[in-house]
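Worksheet: the structure to be examined is printed underneath.
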Amino acid sequence: MKNVLTPTKPMAVRASADTPRPTSAAASADIPVVQTAAKAAKPAGEVKSVKALDFDVPEKIGKYVLQDKLGSGTCGIVFKARDDMLGRDVAVKLSPIGKPDVSTGKVPGAQRAFLTELFAAGKLKHPNIVTVYDAGQDGELNYLVMEQINGYSLKSVGKGQKLLQPFRALEVIIECCHALDYAHAQGIVHRDIKPANIMMGRDGSVKLLDFGIAVKTSVDGTAAGPTLGTPNYMSPEQIRGKALGPASDFYSLGTVLFELLTGKQLFKAKKVKDLFRVVVGEIAPALSDIRPDLPDALSDVVAKALNKLPDQRFQSGREFAQALQPIAEQMRLMAKRSRQQLLLIRQLRALDFFQDFDEGEVALFLNKAIETSCYDGDMLIDEGATSRQFSVITGGVVVVRRKGRVVQILGEGDTIGEFGFIHDDPSPLRVIAQSNVSLLSVNPDFLAELPPAVHLHYYKRISESLVHKISSQDRLVLDLEFSAD
């Protein structure tokens, strides 16, 4: 006995299993479309529709018992299935066997996608790429057997949905960077990076899937072919039918990151042809304008990923991931802080020393700092002694003396210990508490444990503080000498 599955709506020329919707010039722009390379210099006008998939679905194909439908599209229908022989659950994608057109020799899109995924499956074995176990033909159907992922696609946490925590969104994109680096090293450009093609397992795993419109690169690392993809996530060069390299996939991944962080698609238009013009011609909105609560450094990373010029984007997944990793770590620290700790971080940012640091950077300092309380008259730093501690005064007043003379009076938000922290030399100054004083102190090892960009930021700020302090101390000595005369 057979179950009959007959999609009733016309489909786009190229669609993933989760987008069984019609495509026309006025259709939703997140549906994959096709455009010939010869016409790619201009944005697409009418997008041709083709006959929907229409075939009988058997209860079993090969050794696999089919169960519930997971998704459908013009290039295949995906089912949960059971491999009784090996005792495991799998996902099976079915598509009709397509024969070349007698007059043109062209192979139907669903058949091309099946053959392309077979090619990719033979080359790609990576923990962040869905594993293909088996493939074949049975009767009039192609079937592709994949691991079944217990989870959900990023569509459920993207546009209009409840968003992931920002640090988790970055971690997911970092995993995708690793997957794309591997695929590119095997000479494959994905071409259809979008939320629906990225799965999150409930075990925390991240899997990239659907290589149905992937292309093999030539010796120069680029690939040519017809304009295929999903408009909202296509790179400018992909829309224009230009040669594609890894940077095209990283642009698409950048659009996914933007959507995960904002809940909005990067560009929108009522018609696909208008969307194409916007993607090609308009600068992407700044993340900081939409999410001013996120670090400026993250806005810079997103802007680089979405640059119109391929050679100005990230050229590898490693480079993209390295830019995101320290930001993700800072944001993860922030997410784990209690409300009281978050309040403290915001209070610290109001102090002079921390004003140029974002909350994540302050959290890294606080994570390594030792909180110290001192009393009126306590010697904090003795002249001629070596101390490697750098401290930020969070309460109270201290007096700084040089050769017995007062050269500076410091309070909340000021710093002490820069000279020994940077130079590891005996202190030329004596620092004494003039009231009860509270300090946050770190050792030089603190810098070594920071991400490079944050390390540089703190070193530069501490150095500036040292230069300013020396200058102001000299001015105070001159003023005192002038007053004495």
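The values are calculated or read from the model by the stated rules, or taken from the named source; none is laboratory data. In this text, all values refer to a predicted model and were calculated from it rather than measured experimentally. Here the Cβ positions follow ideal geometry from the backbone for every residue, glycine too, while neighbour counts run over all protein chains shown.
For segment 282-337, what are the residues that are of a type in the set (Asp, Glu), in a loop (DSSP other than H, G, I, E, B) and under 26 Å from Val189 (Cβ atoms)?
Glu282
What is the one condition in (1) under 17 Å from Arg461 (Cα atoms); (2) surrounded by 20 or more Cβ atoms within 10 Å (Cβ to Cβ); (3) assigned by TED's automatic domain parsing to the domain that holds Tyr459 that Leu348 does not satisfy?
The number of the failed condition is (3).
Just one of the numbered conditions (1) surrounded by 15 or more Cβ atoms within 10 Å (Cβ to Cβ); (2) not in a helix (DSSP H, G or I) is not true of Phe419; which one?
(2)
Working only within segment 414-432, note down all residues that are under 29 Å from Ala448 (Cβ atoms) and touching a strand residue (DSSP E or B) at 6+ places or on another chain (Cβ under 7 Å).
The answer is Asp414, Thr415, Ile416, Gly417, Glu418, Phe421, Ser427, Pro428, Leu429, Arg430, Val431.
Could you say which residue among Leu253, Leu275, Leu266 is over 22 Å from the mean Cα position of the chain (by Cα), farther than 20 Å from Met334 by Cβ and either in the same structural domain as Phe314 (by TED's automatic domain parsing) or without any contact (Cβ under 8 Å) to a residue 24 or more places away in the chain (or both)?
Leu275
Tally the residues that are closer than 19 Å to Ala120 by Cβ and assigned to a strand (DSSP E or B), restricting the search to segment 138-159.
Counting residues in segment 138-159 that are closer than 19 Å to Ala120 by Cβ and assigned to a strand (DSSP E or B) gives 7.
When you go through (1) out of contact with any Gly (no Cβ under 6 Å at 6 or more places or on another chain); (2) more than 22 Å from Arg461 (Cα to Cα) one by one for Leu429, which number turns out not to apply?
Result: Leu429 fails condition (2) only.
Restrict the check to segment 189-197 and report whether at least one residue is surrounded by fewer than 20 Cβ atoms within 10 Å (Cβ to Cβ) and either outside any strand (DSSP E or B) or in contact (Cβ under 8 Å) with a residue 12 or more places away in the chain (or both).
No, segment 189-197 contains no residue that is surrounded by fewer than 20 Cβ atoms within 10 Å (Cβ to Cβ) and either outside any strand (DSSP E or B) or in contact (Cβ under 8 Å) with a residue 12 or more places away in the chain (or both).
Could you figure out which of (1) closer than 17 Å to Phe258 by Cβ; (2) buried (at least 19 other Cβ atoms within 10 Å of the Cβ); (3) more than 14 Å from the chain's Cα centre (by Cα) isn't true of Ala363?
Tallying (1) closer than 17 Å to Phe258 by Cβ; (2) buried (at least 19 other Cβ atoms within 10 Å of the Cβ); (3) more than 14 Å from the chain's Cα centre (by Cα), Ala363 fails exactly one: (1).
Among residues belonging to segment 290-332 that are of a type in the set (Asp, Glu), out of contact with any Pro (no Cβ under 8 Å at 6 or more places or on another chain) and in contact (Cβ under 8 Å) with a residue 24 or more places away in the chain, point out the one that is surrounded by the fewest Cβ atoms within 10 Å (Cβ to Cβ).
Asp311
Can you spot a residue in segment 337-356 that is among the small types (Gly, Ala, Ser) and modelled with pLDDT under 90?
Looking through segment 337-356, at least one residue is among the small types (Gly, Ala, Ser) and modelled with pLDDT under 90.
Taking the criterion of being assigned by TED's automatic domain parsing to the domain that holds Ser463, more than 18 Å from Arg461 (Cα to Cα) and touching a residue at least 24 places away in the same chain (Cβ under 8 Å), would at least one residue in segment 410-422 satisfy it?
no
For residues that are over 12 Å from the mean Cα position of the chain (by Cα), modelled with pLDDT of 90 or more and polar (S, T, N, Q), scanning just segment 290-335, find the one that is farthest from Ile173 (Cα to Cα).
Result: Gln312.
In the list Asp210, Asp220, which residue meets the criterion of being out of contact with any strand residue (DSSP E or B) (no Cβ under 8 Å at 6 or more places or on another chain), outside the structural domain of Leu70 (by TED's automatic domain parsing), modelled with pLDDT under 90 and on the phi > 0 side of the Ramachandran plot?
So the residue among Asp210, Asp220 that is out of contact with any strand residue (DSSP E or B) (no Cβ under 8 Å at 6 or more places or on another chain), outside the structural domain of Leu70 (by TED's automatic domain parsing), modelled with pLDDT under 90 and on the phi > 0 side of the Ramachandran plot is Asp210.
I need the full set of residues from segment 254-276 which are of a type outside the set (A, V, I, L, M, F, W, C) and either surrounded by fewer than 16 Cβ atoms within 10 Å (Cβ to Cβ) or part of a loop (DSSP other than H, G, I, E, B) (or both), in order please.
Within segment 254-276, Gly263, Lys264, Gln265, Lys268, Lys270, Lys271 meet the criteria.
Can you tell me which residue among Val362, Val398 is modelled with pLDDT of 90 or more and under 28 Å from Val454 (Cβ atoms)?
Val398
Could you please find all residues in segment 86-117 being modelled with pLDDT of 85 or more and more than 30 Å from the chain's Cα centre (by Cα)?
Leu86, Gly87, Arg88, Asp89, Leu94
Taking only segment 423-469 into account, find how many residues are touching a Cys at 6+ places or on another chain (Cβ under 9 Å) and within 19 Å of Gly384 (Cα to Cα).
Number satisfying all stated conditions: 1.
Out of all the residues in segment 342-370, which are part of a helix (DSSP H, G or I) and under 19 Å from Ala328 (Cβ atoms)?
Scanning segment 342-370 gives Leu342, Ile345, Glu359, Gly360, Glu361, Val362, Ala363, Leu364, Phe365, Leu366, Asn367, Lys368.
When only residues in segment 229-253 that are part of a helix (DSSP H, G or I) and of a type in the set (S, T, N, Q) count, which is farthest from Pro195 (Cα to Cα)?
Gln238
Please work out which residue is nearest to Pro236 (Cα to Cα), limiting yourself to segment 44-75 and to residues that are at pLDDT below 75 and in contact with a Phe, Trp or Tyr (Cβ under 8 Å, 6 or more places away or on another chain).
If we take residues in segment 44-75 being at pLDDT below 75 and in contact with a Phe, Trp or Tyr (Cβ under 8 Å, 6 or more places away or on another chain), then Ala44 is nearest to Pro236 (Cα to Cα).
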